[in-house]
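Readers should treat all values here as calculations from the given coordinates under stated rules, not as data from a laboratory. Remember, predicted model here, so these are calculated numbers, not experimental data. We place every Cβ from the backbone using ideal geometry, glycine too, and count neighbours over all the protein chains shown.
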Amino acid sequence: MPTVRVTNVRRPEPSGPPEPPFPAEEDARLFAEEGSAEGCASGECIPAPEPEAPEPEPDPVAPAPRVGNGRDNPNLSLPERWRAAVETVKSSSPRHGAALANGRMLSMRAGEIILGFAPQAGFHKNAVTSASGKSTVDAALADHFGRPVKLTIQDIAAEPNGGSLSIAEQDAQSRAAHEKSTEGKVRNHPSVRAVLRMLGGEIEHIQVLEAARPAATPLSDTPEESP
């Protein structure tokens, strides 16, 4: 049987890049083991988020200053409300309350009271407008109305000329009317007349010791708004 010998035969070159040799067992130990795909897919290999720092609590807000309820009664008429305010000032300072009573209320609205003082009430005006008098009156009025009130003072004519009277003027008129009415009732009383006929005397003067002052009635319209 003949023998065939092949020489100088070139090996076919690989069509792709050569594959890297598989690392030996010693080299394989140098590489870290990778986690399973299932662990990452389930989120096991994702690091846990760091806890967020709690937000600082806001500083406590100081409570708003409490406004007193005051003693003002808005259901009353303006002249009655002003008279009540003057009585509050009198309870704190009789002198300054009496001075306010001699001022004619021209307006009382939007947190402002406007008083007019006639020339004959100049003494009372000075008592209200002085530094100490103003602070005393402002504090008493704020206590009465439950909030600060601006008091404006004006000079007015001696006669009301259709305007409203001051509390002092109203009280003087009411007292004079009461004394006149009381004197007429006494002089015309049947018992008094009988005594005069019997004794032959006459009444020279009648003094009313305690006059019941009726509620003041405004002589003219006053503004509707109030503090």
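A few remarks follow.
- Note on Lys125: lysines with a C-alpha under 26 Å away, same-chain residues under 8 apart excluded, are Lys90, Lys134, Lys150.
- Ordering of 172-183, 97-108, 197-208 by burial proxy (mean other Cβ atoms within 10 Å per residue, highest first): 97-108, 172-183, 197-208
- Gain on full extension, evaluated as 0.36 nm per residue between Leu199 and Glu159 minus their Cα-Cα distance, stands at 9.8 nm.
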